[in-house]
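First the structure, in the form of structure tokens, and then the observations on it.
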Amino acid sequence: MNSLQNTVLGKGSGILERVYRKLGISSIEVLAEKEVESHIRPGEKTVLCVMDKYHYGNRNWGLSYPYYNFYLTLTTIDYSLVLFDSDRIAQRYGKSRMSRMLLETVYCYQPDILFYVHTNDCIDHNVWRAVSEELPTRTVYWQADDHHQYDNTRSIWELFNLVVTTDRIGYARRKKEGFDNVMLSQYASNHLLYRNLNLPEIYGVSFVGQCYGNRFQFINTLRGNGINVATFGQWWGASHRVTQSELIRITNQTKISINLSLASRGGRVPAVKGRDFEAPSCGSMLLTLETEEIAEYFIPGEEIITYQDTDDATEKIKYYLANDDARETITKRGYDRVLRDHTWEKRLTDIFARALEDNTESALRRQK
């Protein structure tokens, strides 16, 4: 056992494990094998997904965005998969034991790629050092909240072979600092989940999401302008988080889906989010805020509709509700664009191809 493993496992770990066995408590190896999910395809590359299976680690809140979109997408691609639900395991066994279980899992499966989706800093950083220094595993860190987590997650992402961010500013900052192992990506749609089911359209306009920040004011203004917006989610009068089945059904039954990111933290223009791709994927016309970034992924006015303010949104909603042919043409083009360019299958395939590149310049820079 080398010094890094000693640091992770602790000098007294062997004694501690013997005590656990005497007490009838399973060893680290047994617990690790018990707690992980695996889907092995002989001969295929292995991806170890370190992410929450449940929404913020809480079973009562439903399955998580990473599970629905990253993990379920990967089950349809030619990879062997191992899922390590770090937050749930930490809640059950403690952070220290969870970190040791993760290291055992890595050594057991020896994945080609370790794909980490950050939610909270509960994994011993020495685990990342051990994996990156001792094994050929390429470690990938997914960060979708650089606009408010760039600095406070630096000590984590500097330990990875590749950092993937959806934030152009965060990407540029890393490049300027000489941190070259960074890739700019974006949200997408799991098109096998968010599908056009051709359900009857019963909502003219809908919004799905929590009611907070400027969202209430925006929706209330639209309603005051004569737009009947159906709202779903916590604090719109409902007490529960919208489930995936409800989200898919509502979006399929909506002519125009509004995406609001007006309360994004970090003081920047709202970023592109998953809903921008999920709505067209479900066969609903997307109405989202006009930004330079959204225009990099869709052609506004042809594949989606963008708005500048509530007056502009009101005018466009009324026009497209009154003109079915124009709306349906845009809806179809948006749907085709997502399936062509913006699926999670394509995003993850590109990310893993980059991670596996034999490029010494993209090696880990944690010693800098």
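Values quoted throughout were computed directly from the atomic coordinates according to the rules given, and no laboratory measurement underlies them. Given the structure is predicted, the values throughout are model-derived calculations rather than measurements. Positions of Cβ are generated from backbone atoms using ideal geometry, with glycine treated the same way; all protein chains shown enter the neighbour counts.
Quick notes on this structure:
- Rounded, prolate or oblate (a/c below 1.5 giving rounded, otherwise prolate when a/b exceeds b/c) for segment 203-341 by Cα gyration tensor: rounded
- Counted by neighbouring Cβ atoms within 10 Å, the residues ARG223, ARG59, ARG241, ARG347 run from fewest to most as ARG59, ARG223, ARG241, ARG347.
- Value of relative contact order over segment 267-308, rounded to a whole percent, pairs C-alpha under 8 Å and six or more apart: 38
- Label point distance in nm, LYS95-GLU29, each placed 7 Å from Cα along Cα→Cβ: 2.8
- Cubic angstrom per residue, convex hull over Cα atoms of the chain: 148
- Look at where the Cα atoms of segment 187-233 and of segment 46-65 average out, and the two centres are 25 Å apart.
- Our analysis of segment 107-220 gives Rg over Rh at 1.10, with the two radii drawn from alpha carbon positions and Rh computed by the Kirkwood formula.
- The value of relative contact order for segment 203-341, using C-alpha pairs under 8 Å at least six residues apart, is 23 percent.
- Beta bridges per DSSP, both residues in the chain: antiparallel share near 10 percent.
- Kirkwood Rh and Cα Rg combined as Rg/Rh, segment 176-239: 1.17
- Counting only DSSP beta bridges whose two residues both lie in segment 203-341, roughly 0 percent are antiparallel.
- As a rough footprinting exposure proxy, the listed residues ASP309, ASP112 were ranked by other beta carbons within 10 Å of their own, and the order from fewest upward is ASP309, ASP112.
- Note that segment 94-99 has calculated 3J(HN,Hα) couplings of x, 5, 5, 5, 4, 4 Hz, one per residue in order, obtained from phi through the Karplus relation 6.51 cos²θ - 1.76 cosθ + 1.60 (θ = phi - 60°); glycine and proline are x.
- The Cβ shell under 15 Å around ILE305 holds other residues with a net charge of -3, Lys and Arg each +1, Asp and Glu each -1.
- Each peptide in 243-249, 66-72, 273-279 was scored by the mean count of other Cβ atoms within 10 Å over its residues; highest first, the order is 273-279, 66-72, 243-249.
- As a length-normalised measure over Cα pairs under 8 Å and 6 or more apart, the relative contact order of the chain settles at 15 percent.
- Taking a point 7 Å from the Cα of GLU44 along the Cα-to-Cβ direction, the residues of segment 98-115 with backbone N closer than 19 Å to it are 109-115.
- Summing +1 for each Lys or Arg and -1 for each Asp or Glu among the other residues whose beta-carbon sits under 10 angstrom from that of VAL36 gives -4.
- Cα centroid separation - segment 285-317 against segment 128-183, whole Å: 31
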